[in-house]
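Below is one structure, written out as structure tokens; the observations come after it.
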Amino acid sequence: MITFKRFDHLWKVWREEYLEELRKRAQRKHRGPRSRIRREPEIDELVFLKEDCSRNTWRMGRIDRLIRDKDGIMSISGCKNS
């Protein structure tokens, strides 16, 4: 049977060490404004279709074509509504 003292110790370790490690790991992966992930899009990936309305009403689409410009930057060429 676990005692309250042991439970409190376990809770403290989980909160201070495990959660802190998750925060650090997330900060390494997410850079830039609003924690956007910096990576290239991929075919069949779900994305929000930006429109001139509030974000909660943006539609979702699935990437079906990608192109790379002369500078090597990838962009979405085609997207199907989901």
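FYI, it's all coordinate maths here, none of it is from the lab. Predicted, not measured: the structure shown is a model, and the values here were computed from it. As a convention, Cβ positions derive from the backbone with ideal geometry for all residues, glycine included, and neighbour counts pool all protein chains shown.
General observations
- Additional length obtainable on full extension of the chain from ARG62 to GLU40, 0.36 nm per residue less Cα span: 6.5 nm
- Between ASP8 and GLU20, the simple spin-label model (points 7 angstrom out along Cα→Cβ) gives 2.0 nm.
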